[in-house]
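Below: the structure, in structure tokens.
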Amino acid sequence: MKPNFIQKVTNWGNFPVVEKEMRSDDSVSKIKKFVRENNEVIARGNGRCYGDASLGEHIFSTKRLNKFTSFDRLNGVIECESGVLLSEVLEISVPQGYFLYVTPGTKYISVGGAIASDVHGKNHHAEGCFSEYVIEFKLMNENAEVMTCSREENSDKFWATIGGMGLTGIILSAKFKLKNIESSYIRQESIKAENLDEVFRLFDESEDWTYNVAWIDCFQKGKNLGRSILMRGEHALKAELTSNLQKKPLKLKEKFKPTIPFYFPGFVLNSLSIKIFNFLFYNKQTKKQLNNFIDYETFFYPLDVINNWNKIYGKSGFIQYQMVIPKENGKEGMRQILDTIAKSGNGSFLAVLKLFGKNNPQAYNSFPVEGYTLALDFKVNKGLKKLVDQLDTIVDDFGGRIYLTKDSMSRSSLTNYLQNVDSSKFVSLQHKRIVNNN
Amino acid sequence: MIVLGSNSEVAQAFVEECLAKGEKFPTIYFLSSNPETTEKFAGHIQVKFFQHSEIVPLDLMNEIDYKTLENINSDLLFCASGYLGLSTEDGLYDDENTERIIDVNYAKLVPVLNFFAKKMESKRSGTMIVLSSVAGERGRQSNFIYGSAKAALTAYLSGLRNYLFDKKVNVLTVKPGFMDTKMTEGLPLNPALTASPKKAAEGIYKAYKNKKDVAYVLPIWAIIMLIIRNIPEFIFKKLKL
């Protein structure tokens with residue numbers, strides 16, 4: 001039997017599904033060989049992106065690069081291989097009083113992926129992107145050489161790789177800083193907003209909060225357009241906790257995780273079922289404002305609770321659409337976007353709205369610009385391309401762009417913003433599509 | 001704990017499973033044919049579990065210095081030493097390949113297992129967990145050099161278990177079916193029948209805690225092998241398994 005490394009690969013949206021060669025190893029010499037022998041190589045972490053990012057002719061999976069190298073507990077610095085997941089980092093850091101400075105909405109992404117996407121979280125306005133806290137990383141470049149990249153060493157490569165979607169090489173390992181926390185709980189305030197104007201106002205008023213996010217019901221129209229719940233939070237200080245929680249302030253939440261065992265049939269998630277879900281979600285909070293303490297898992301990773309929740313969308317899969325619109329006209333842009341979505345009848349459970357602060361100009365490939373970003377899911381179906389086109393037009397008109405980690409079919413004018421990433425060695429299907437204007 | 005075949009993904013997953021379940025070891029001894037590679041894992045468990053370990057070079061294909069093993073004692077030994085080698089199609093008559101398969105899976109492994117069995121026997125306590133394979137249940141045309149070496153190992157472990165029973169030492173024979181590791185990368189294995197190193201480690205740990213004698217990973221293989229074992233030879237010889 002000759003080994004055949006070609007297999008079906010797909011990302012979190014189950015769209016598209018491709019059949020390509022995928023290899024995985026933890027020996028540097030074997031990785032060098034793979035890079036030397038192939039063109040159009042792309043690294044892949046945990047495949048939690050959407051669309052055709054991290055898919056390519058020859059995919060290198062970092063799943064076997066999953067070891068920790070060191071944890072400086074005094075200064076909160078972790079060094080590990082690029083396939084280590086953020087969830088694994090938290091498992092060892094939280095009990096020691098450390099949290100990730102920046103985390104996206106799922107902890108099941110790899111450290112390499114966090115850098116290649118330069119992920120952001122609910123605290124971008126206060127703490128920026130993941131790269132802010134990256135000290136250095138080791139990258140295998142086009143010549144199959146391992147380079148150490150930092151702000152001081154090979155800094156060109158450092159900045160091109162941050163947000164560079166794997167197009168500069170394979171990140172092998174990284175060293176990054178963590179933040180001190182006194183407890184694993186978040187002091188949270190949830191405030192209901194009746195419409196878009198109100199939620200925008202709440203964002204402005206919540207500037208001083210570290211974590212801000214709004215969950216929007218994107219089926220609402222007219223005067224209820226943008227009906228949402230704003231959630232803002234801070235890491236709870238030990239002294240703030242109830243005496244019960246104070247006994248074990250850095251407790252990790254127990255792991256009961258229901259699993260979606262199979263793909264739901266296509267009709268399960270339809271506009272009616274989603275509308276009902278959204279209605280219940282908004283109305284389960286009866287008070288205008290609810291203040292409480294919740295564990296970090298529930299605050300940061302509500303969807304991670306359910307394994308394989310992406311299967312709820314059925315076999316044809318779904319796409320995620322996330323754009324950012326610069327602040328000046330952000331409100332009007334968001335209004336038009338939400339209006340278009342509501343009219344289409346196509347929508348996801350909840351759309352996530354955030355307000356980005358200024359991004360670090362050195363991280364030129366990084367997605368965020370100061371403005372409003374909305375992320376939501378769309379089931380793959382016939383009317384989808386047309387809807388994406390309509391939304392793309394609005395984003396284009398308002399000078400915004402699309403997050404590559406989520407993109408699967410937006411127009412090139414909104415996705416062709418990476419620089420210093422052209423190489424025949426490292427190419428993704430996404431990059432090819434964008435550059436060829438498909 | 002003593003680990004043979006320390007660079008095996010299953011061995012490493014088993015070590016992590018034990019540590020994650022709260023098992024405490026003063027030291028883990030990693031016997032390794034490639035100590036440099038093992039360093040990475042030793043560092044990893046130090047960071048993740050504060051676990052101290054020692055790496056002892058041991059290559060079954062070279063002369064073994066038993067003096068280096070003299071002071072290595074533990075109540076738990078885990079052996080994942082193995083070598084799949086070339087399939088029948090690619091290397092049946094390749095003598096070097098054949099010798100290596102037989103040595104690493106059985107001939108040169110037995111003296112080392114005996115060495116540690118003797119220690120446990122004299123202490124009248126201990127558990128040896130050794131990975132054999134379902135391939136050892138019956139020689140089949142696609143890889144019977146490997147299969148026969150594993151068959152020999154299975155018989156050795158069964159006899160050892162018998163011998164050590166009244167000396168209060170346990171021997172657990174683990175029979176993996178398909179596993180998703182570097183050894184099998186690229187082979188067309190049915191995903192429903194294939195265990196990841198983590199899943200395998202969980203199954204082995206459970207069997208160890210429940211003091212089982214034989215454990216199939218995944219458990220479904222017990223049924224598959226029951227069927228395979230009972231196919232009459234006049235039929236089996238015609239199959240292309």
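Against the main long axis of the alpha-carbon atoms of chain B, helix B:220-229 sits at an angle near 50°. Computed across chain A, the Kirkwood hydrodynamic radius from all distinct Cα-Cα pairs reaches 22.3 Å. Only Lys, Arg, Asp and Glu carry charge here, each on its Cβ (+1 for the first two, -1 for the last two); on that basis chain B has a dipole of about 1180 debye about its Cα centre.
When both the stretch B:1-44 and the stretch B:132-197 are represented by their alpha-carbon centers, they are found 20 Å apart. Under the convention that each Lys and Arg Cβ holds +1 and each Asp and Glu Cβ holds -1, the size of the dipole of the protein assembly as shown around its Cα centre is about 2360 debye.
Sorting check: for A:416-428, A:221-233, which peptide has the highest mean count of neighbouring beta carbons within 10 Å, and how do the rest follow? Please report the intermediate quantities before stating the final value.
Values: A:416-428: 17.4, A:221-233: 20.2.
Ranked by mean Cβ neighbours within 10 Å, highest first: A:221-233, A:416-428.
Measure up A:177/A:253; A:179/A:251; A:175/A:238; A:63/B:40 against 19 Å on the Cα-Cα distance and list the ones that go over. Correct reply: A:177/A:253; A:175/A:238. Only one residue of B:2, B:215, B:156 has its Cα farthest out toward the positive end of the dipole of chain B, where Lys and Arg carry +1 and Asp and Glu -1 on Cβ, and that residue is B:215. Other residues lying with their Cβ under 14 Å from the Cβ of residue A:134 contribute a combined charge of -1, Lys and Arg counting +1, Asp and Glu -1. The local environment of residue A:60, defined by Cβ-Cβ distances under 15 Å, has a net charge of +3 under the rule Lys, Arg +1 and Asp, Glu -1. Computed over the Cα atoms of the stretch B:2-236, the ratio of the radius of gyration to the Kirkwood radius (Rg/Rh) comes to 0.95. The angle between the Cα long axis of helix B:109-123 and the longest principal axis of the Cα atoms of chain B comes to about 50 degrees, rounded to the nearest 10. Dipole of the stretch B:11-145 (Lys/Arg Cβ +1, Asp/Glu Cβ -1, origin at the Cα centre): which of B:46, B:120, B:83 lies farthest to the positive side? Highest projection toward the positive end goes to B:120.
No lab work stands behind these numbers, since they all come straight from the coordinates. Computed from a predicted structure; not experimentally measured. Heads up, the Cβs are rebuilt from the backbone with ideal geometry, glycines too, and the neighbour counts pull from every protein chain shown.
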